[in-house]
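The structure's right below; bear with me while I get my questions together.
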Amino acid sequence: MLLVDDRALPDFQGVPVNDPNAVVIGLAPEHFNYQVLNQAFRLLLDGAPLIAIHKARYYKRKDGLALGPGPFVVGLEYATDTKATVVGKPERTFFLEALRGVGCVPEEAVMIGDDCRDDVGGAQNVGMLGILVKTGKYRAADEDKINPPPYLTCESFPQAVDHILQNLL
């Protein structure tokens, strides 16, 4: 059962969906309604695994902050007494595979992100430097939500890039 944005469906081409044997959740606001979530709930109760592309708490839309997939994943975990397998940020494997794909080790990489926990915290947990930017979904005092705190907090992405170019190369 794919609870993903319709634009992500091509990434799942070839995955049979007629008789689902797993629940995969990504950012899919159009699917987060009682009927669909109840279908997912029943599949999970019958033993299907729960797979979360990520568990972001919220994201930024044009009209403001909105719930991400995380609250729905956690709700299904709670209701079914199960634990999701998370395959995206902030999981170690996600960052390590991304780095392996570009041929570098964590100590050679910097993550710039607007999500203190998932972007910066996840990156720092594998040994990367994490720079938090005060754009996108950043909220005041986000940098205090992780330990260790971000390597650096910048007002913008360009400011973060300038710091890297001037101090880390």
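Each reported figure results from applying straightforward, stated rules to the coordinates on display, with no laboratory input. As the structure is a computational prediction, the values presented were derived from the model and not from experiment. Every residue, glycine among them, receives a Cβ derived from its backbone with ideal geometry; neighbour counts consider all protein chains shown.
What translational diffusion coefficient, to the nearest whole µm²/s, does the range 92-161 have by Stokes-Einstein, given a Kirkwood radius computed over alpha-carbon pairs, a temperature of 37 °C and 0.692 mPa s viscosity?
Working: Rh = 11.9 Å.
My calculation gives 275 µm²/s for D.
Can you sort LEU165, LEU67, LEU50 so the residue with the fewest Cβ neighbours within 10 Å comes first?
On the way: LEU165 9, LEU67 14, LEU50 21.
Placing the least packed residue first, the sequence is LEU165, LEU67, LEU50.
Which residue, GLY70, GLY47, GLY121, tops the fluctuation ranking in a GNM of the chain built on C-alpha contacts under 10 Å?
GLY47
To continue, here is another question. Under 17 Å Cα-Cα from LYS134, which aspartates and glutamates qualify once same-chain neighbours fewer than 8 residues away are excluded?
ASP114, ASP115, ASP118, ASP119, ASP142, GLU143, ASP144, GLU155, ASP162
Less than 11 Å Cβ to Cβ from VAL74, Lys/Arg counted +1 and Asp/Glu -1: what total charge do the surrounding residues give?
Values: positive: LYS55, ARG57, LYS83; negative: GLU77.
That sum, taken over residues with Cβ under 11 Å, equals +2.
How big is the range 2-86 in terms of Cα radius of gyration and Dmax, in angstroms?
Just the Cα atoms of the range 2-86 yield Rg and Dmax of 12.6, 38 Å.
Okay, moving on. Choose one of GLN124, GLN166, GLY68: the residue whose Cα lies farthest towards the positive end of the charge dipole of the chain (beta-carbon charges +1 Lys, Arg; -1 Asp, Glu; about the Cα centre).
The residue sitting farthest along the positive end of the dipole is GLY68.
May I have the convex hull volume per residue, in Å³, for the Cα set of the range 41-169?
Values: hull volume 16.3 nm³, N = 129.
Value for the range 41-169: 127 Å³ per residue.
Here is a further query. How much net charge surrounds ALA52 when only the other residues with a Cβ under 12 Å from the Cβ of ALA52 are counted, with Lys and Arg +1 and Asp and Glu -1?
Values: positive: LYS55, LYS83, LYS89; negative: GLU77, GLU91, ASP118.
Result for the neighbourhood of ALA52: 0.
Using a basic spin-label model with each label point 7 Å from the Cα along Cα→Cβ, how many nm lie between ASN18 and ALA140?
5.6 nm
Treating only the Cβ of Lys, Arg, Asp and Glu as charged (+1, +1, -1, -1), what charge dipole size does the chain show about its Cα centre? Round to the nearest 20 debye. Please list the in-between numbers first.
On the way: 16 positive and 22 negative charges, 48 e Å.
Computed charge dipole of the chain: roughly 240 debye.
Relative to the Cα centre, what is the charge dipole magnitude of the range 2-86, using +1 at the beta carbon of each Lys and Arg, -1 at the beta carbon of each Asp and Glu, and rounding to the nearest 20 debye? Mind dumping the intermediate values first?
Values: 8 positive and 9 negative charges, 77 e Å.
Its charge dipole is roughly 380 debye.
Let me ask something else. Can you give the local net charge around ASP119? Use residues other than it whose beta-carbon is closer than 15 angstrom to its beta-carbon, Lys and Arg +1, Asp and Glu -1.
Values: positive: LYS55, ARG57, LYS60, LYS89, ARG92, ARG117, LYS134, LYS137, ARG139, LYS145; negative: GLU91, ASP114, ASP115, ASP118, ASP142, GLU143.
Counting the neighbours of ASP119, the net charge comes to +4.
With angles folded into 0 to 90 degrees, how steeply does helix 157-167 sit against the dominant principal axis of the chain? Use alpha carbons for both and round to 10.
50 degrees
Related question: I need VAL102, VAL23, VAL120 ordered by Cβ neighbour count within 10 Å, fewest first.
Numbers: VAL102 8, VAL23 25, VAL120 32.
Fewest to most other Cβ atoms nearby, the residues stand as VAL102, VAL23, VAL120.
Which of ILE146, ILE53, ILE112 moves the most in a Gaussian network model of the chain with Cα springs under 10 Å?
Between ILE146, ILE53, ILE112, it is ILE146 that shows the largest mean-square fluctuation.
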